[in-house]
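Below is one structure, written out as structure tokens; comments come after it.
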Amino acid sequence: MAAASFSSIFLNSALSLNHSKYRNFPNNHHYSWRGLEHYRTNPSFRSIVRAQSEARKEDIVIVGAGIAGLATAVSLHSIVIMLLSIITMMDKICALENIRLGVRSLVLEQAESLRTGGTSLTLFKNGWRVLDAIGVGNDLRTQFLEIQGMVVKSEDGRELRSFNFKDEDESQEVRAVERRVLLETLANQLLPDSIRFSSKLSTISKTESGGTMLELVDGTRLSAKIVIGCDGTRSPIAKWMGFSDPKYVGHCAFRGLGYYPNGQPFEPKVNYIYGRGLRAGCVPVSPTKVYWFICFNRPSPGPKIRDPAELKKQAKELVSNWPTDLLNIIDQTPDDTIIRTPLVDRWLWPAISPLASSGRVVLVGDAWHPMTPNLGQGACCALEDAVVLARKLANAVKSGSEPSVEDALSSYGSERWPRIFPLTIRANLVGSVLQWGNPVVCSIRNNVIIPKLVRLGPLLEHTNFDCQPL
């Protein structure tokens, strides 16, 4: 598709921002054959049957309404496409103003609503630069504490090292953000009906015209010019593109969000505790909430546990002899915020792993490059992906040459891979070092490496991401 034809995606989106094909279209329909006769002559019922059998045409479909999916949708919406606003007063044109019109996309989410459960995530300055670029940074800053530094302790409570982020990098910005608030903030930037819930992907296939056909579990069929897979670590789209499943790295993590209705007692610092094959940490999120985690070695992920009481019990047993502050945070954790997950990643080996895009289908965030949380860069990199991809698509229109959609998506993958691949490996190696279980090696780590050799500045160089305004 040449740039000229591709530009119609942007222009049509901008000119029909308030239009939704799904405004009066329910997510799920369940009819019995007995009830079919009753509805047989109903025009609205016939339109529903016809809509589910015919493919609906969409310019851009984003699969997954997590951080990556919503950030991509907001980034596309934030692109400046057209500079025209006619203000009419008393039937008279009285002014022309510049306005920001963006690219509309349809976001498919298999859940019935935003999946706002879970805990929080730490965003460094590269993540905040993206949030500023898409217009939500200041709103989020007012809700979460800025973290001043970090303290590292041994399991007996002895302080090994402390750092101040501003001493290492004056431009550094670190805050822990509730996942729920971040998702809701991003979703609120989109137009009504931009997200279609209860829309689980069933099959994906290529069309003769070069587009992509998506069939949902409820029978809905969508013909998309561009498909952006943001469907997480177990992405069906990534599997369709030939990617292997993410690999378990040998560690699991408990996570939770402690709640202190009368105010939490902690300084605005990241607190780490390192043991033998076991580590934990906590970080204040807001005046009343504290995020915590416990990471432990395990040869296999083990069965999934859903009972919050059992999760708390197992977490506390792991650190029963550790500083009591950590145990108190776990006790203050509401049941709906405690989880246990296996840590996984995928190493994108050059010339071996599939590319980030295939035709007009492309991956963003964990769907492409799941990484362990040891550098705090999973969400940050997903946000970076979103703005880079949006800019590549915009440049395909603005360029005077003839770049195609495929070229824009390929360029996105080529630009992002040199950043993503090393970070994935580095996060894995950092986790392996911190999960050492040998007592002699742990003693060297706690008494030599951390107190005398570690420098925070080089460890945070990866947060120097230059995010250009959209």
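The values are calculated or read from the model by the stated rules, or taken from the named source; none is laboratory data. Bear in mind the structure is a predicted one, so any value in this text is a computation, not a measurement. Neighbour counts run over all protein chains shown; Cβ positions are idealised from the backbone, glycine included. Ligands, DNA and RNA are stripped out before the accessible areas are found, and what is left, the full protein with its side chains, is counted by its heavy atoms. Shrake-Rupley method; radii C 1.70, N 1.55, O 1.52, S 1.80 Å.
Every listed requirement among (1) open to solvent by 70 Å² or more (accessible area, probe 1.4 Å); (2) at pLDDT below 95 is met by A309 save one, (1).
For the structure I just gave you, tell me whether C230 is buried (at least 16 other Cβ atoms within 10 Å of the Cβ) and under 30 Å from A396 (Cα atoms). Considered against the rule, which asks whether it is buried (at least 16 other Cβ atoms within 10 Å of the Cβ) and under 30 Å from A396 (Cα atoms), C230 comes out as yes. For the range 100-206, the strands (runs of 3 or more DSSP E) that sit wholly inside it and include 2 or more residues that are aliphatic (A, V, I, L, M) and closer than 25 Å to S78 by Cα are 106-108, 120-123, 175-178. The lone criterion from (1) of a type in the set (D, E, K, R); (2) more than 25 Å from K125 (Cβ to Cβ); (3) in contact with an Asp or Glu (Cβ under 8 Å, 6 or more places away or on another chain); (4) surrounded by fewer than 19 Cβ atoms within 10 Å (Cβ to Cβ) left unmet by E146 is number (2).
Evaluated against (1) touching a Lys or Arg at 6+ places or on another chain (Cβ under 7 Å); (2) among the small types (G, A, S); (3) within 27 Å of E173 (Cα to Cα), G457 falls short on exactly one condition, (1). Taking the conditions (1) surrounded by fewer than 20 Cβ atoms within 10 Å (Cβ to Cβ); (2) over 30 Å from S353 (Cβ atoms) in turn, S223 satisfies each one other than (2). You will find that of D345, D336, D366, D307, the residue that is more than 22 Å from V249 (Cα to Cα) and within 22 Å of the chain's Cα centre (by Cα) is D336 and no other.
Residue-level check: of (1) open to solvent by 20 Å² or more (accessible area, probe 1.4 Å); (2) under 26 Å from the mean Cα position of the chain (by Cα); (3) within 21 Å of V130 (Cβ to Cβ); (4) not hydroxyl-bearing (S, T, Y), E170 misses just (2). Does V217 satisfy the condition of being open to solvent by less than 30 Å² (accessible area, probe 1.4 Å) and among the β-branched types (V, I, T)? Spelling it out, it is not the case that V217 is open to solvent by less than 30 Å² (accessible area, probe 1.4 Å) and among the β-branched types (V, I, T). For the range 246-268, the candidate set comprises residues that are open to solvent by 70 Å² or more (accessible area, probe 1.4 Å) and in contact (Cβ under 8 Å) with a residue 60 or more places away in the chain; within that set, the residue that is nearest to R306 (Cα to Cα) is Y259. Of the residues that make up the range 373-388, is at least one surrounded by fewer than 23 Cβ atoms within 10 Å (Cβ to Cβ), in a helix (DSSP H, G or I) and charged (D, E, K, R)? Within the range 373-388 (the criterion being surrounded by fewer than 23 Cβ atoms within 10 Å (Cβ to Cβ), in a helix (DSSP H, G or I) and charged (D, E, K, R)), the answer is no, since none of the residues qualifies. Right, I87: assigned to a loop (DSSP other than H, G, I, E, B), more than 30 Å from T220 (Cα to Cα) and at pLDDT below 95 or not? Spelling it out, it is not the case that I87 is assigned to a loop (DSSP other than H, G, I, E, B), more than 30 Å from T220 (Cα to Cα) and at pLDDT below 95. Of the listed requirements (1) closer than 24 Å to E112 by Cβ; (2) more than 18 Å from the chain's Cα centre (by Cα); (3) touching a residue at least 60 places away in the same chain (Cβ under 8 Å), T203 misses just one: (3).
Residues are listed down the side, and each one gets a yes or a no for (1) under 25 Å from M241 (Cα atoms); (2) in contact (Cβ under 8 Å) with a residue 60 or more places away in the chain; (3) in a helix (DSSP H, G or I):
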residue: P342; (1), (2), (3): yes, yes, no
residue: D366; (1), (2), (3): yes, yes, yes
residue: G413; (1), (2), (3): yes, no, yes
residue: P422; (1), (2), (3): yes, no, yes
residue: V430; (1), (2), (3): no, no, yes
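Taken together, the residues in the range 207-216 that are part of a loop (DSSP other than H, G, I, E, B) and either free of Cβ contacts under 8 Å to residues at least 24 places away in the same chain or within 23 Å of the chain's Cα centre (by Cα) (or both) amount to 3. Inclusion of G302 among residues that are small (G, A, S), at pLDDT below 95 and surrounded by 13 or more Cβ atoms within 10 Å (Cβ to Cβ) is not warranted.
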